[in-house]
Amino acid sequence: MTERQRGGRAVKAEARREAILDATMAEIAERGYRGTTLAAVAERVGLTQPGLLHHFPSKEHLLIGVLEARDRWDAAALLANSTDVRLSHLEQIVEFNAERPGVVQTFTALAAESATGQHPAREFFTERYASVREGMAALLRAELGDRLAGGLTPEEAAPLLIAVIDGIQIQWLLAPDEVDMPAAFRNFLALLTAMTQTEAPPA
């Protein structure tokens with residue numbers, strides 16, 4: 001097989017993976033995390049179930065693929081207009097998540113399951129949270145400085161910011177009519193910013 005042929009096959013395989021992920025997203029939106037099956041996804045993209053398993057060896061791996069794709073899309077959306085990402089841009093992600101409850105449900109369920117035993121998603125979430133903590137700390141430092149409310153460093157505050165996002169998501173999933181997820185997150189950022197500015201020493 002020539003290099004060109006191998007390249008063509010790789011492009012086709014990647015296109016097939018993207019089609020499978022799109023189909024899975026559609027299934028999750030229609031049926032939810034638990035209701036999505038490999039058979040239904042395979043049928044939607046015109047594959048047999050063994051054909052689907054060639055690309056994703058299990059449902060867990062398929063759902064991890066969806067979450068990885070979500071992170072890529074979110075990053076692309078943040079950087080679409082500017083490379084200067086601000087805390088306010090996180091509000092856009094939270095608002096976007098409010099429009100895709102099935103994916104948020106998938107994320108929340110897999111994150112919880114990954115904390116037990118040798119779950120297929122454990123490595124993904126371990127690495128993702130480490131990366132997100134680093135990114136959040138950089139955002140906090142760029143916007144609020146080296147010391148935040150209570151004297152916390154950005155590195156100390158980053159896990160708390162992530163915990164707020166994840167915690168609001170859970171409350172919203174359980175009571176979507178009572179918890180306005182985007183509004184709650186905006187309120188938290190406003191509180192964090194106001195407290196930090198109040199405690200900042202005079203110039």
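The values are calculated or read from the model by the stated rules, or taken from the named source; none is laboratory data. Treat the numbers as computed from the prediction; the structure is a model and nothing was measured. So basically every Cβ, Gly included, is an ideal-geometry build from the backbone, and we count neighbours across all protein chains shown. Ligands, DNA and RNA are excluded from the accessible area calculation, which covers all protein heavy atoms including side chains. Shrake-Rupley method; radii C 1.70, N 1.55, O 1.52, S 1.80 Å.
In table form, for the structure just shown:
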| quantity | calculated |
| --- | --- |
| Any hit, the range 80-98, residues being at pLDDT 90 or above, assigned to a loop (DSSP other than H, G, I, E, B) and open to solvent by less than 40 Å² (accessible area, probe 1.4 Å) | yes |
| Which numbered condition residue 29 fails, given (1) among the aliphatic types (A, V, I, L, M); (2) at pLDDT below 90; (3) over 24 Å from residue 111 (Cβ atoms) | (3) |
| Flag for residue 104 being farther than 20 Å from residue 27 by Cβ, hydrophobic (A, V, I, L, M, F, W, C), out of contact with any His (no Cβ under 8 Å at 6 or more places or on another chain) and open to solvent by less than 80 Å² (accessible area, probe 1.4 Å) | no |
| Residue that is farthest from residue 15 (Cα to Cα) [pool: residues in the range 61-79 that are open to solvent by 30 Å² or more (accessible area, probe 1.4 Å) and at pLDDT 90 or above] | 61 |
| Residues that are more than 22 Å from residue 75 (Cα to Cα) and among the basic types (Lys, Arg), drawn from the range 114-172 | 147 |
| Members of the range 41-75 that are farther than 30 Å from residue 95 by Cβ and assigned to a helix (DSSP H, G or I) | 42, 43, 49, 50, 51, 52, 53, 54, 55 |
| Checklist (1) open to solvent by less than 50 Å² (accessible area, probe 1.4 Å); (2) farther than 18 Å from residue 195 by Cα applied to residue 163, failing item | (1) |
| Elements of type helices (runs of 4 or more DSSP H) in the range 99-202, at least 3 residues being polar (S, T, N, Q) and at pLDDT below 90 | 181-199 |
| Residues of the range 134-157 classified as open to solvent by 50 Å² or more (accessible area, probe 1.4 Å) and either over 21 Å from residue 195 (Cα atoms) or touching a Lys or Arg at 6+ places or on another chain (Cβ under 9 Å) (or both), total | 4 |
| The range 37-60, residues that are free of Cβ contacts under 8 Å to residues at least 24 places away in the same chain and either open to solvent by less than 70 Å² (accessible area, probe 1.4 Å) or in contact with a Phe, Trp or Tyr (Cβ under 7 Å, 6 or more places away or on another chain) (or both) | 37, 39, 40, 41, 42, 46, 51, 53, 59 |
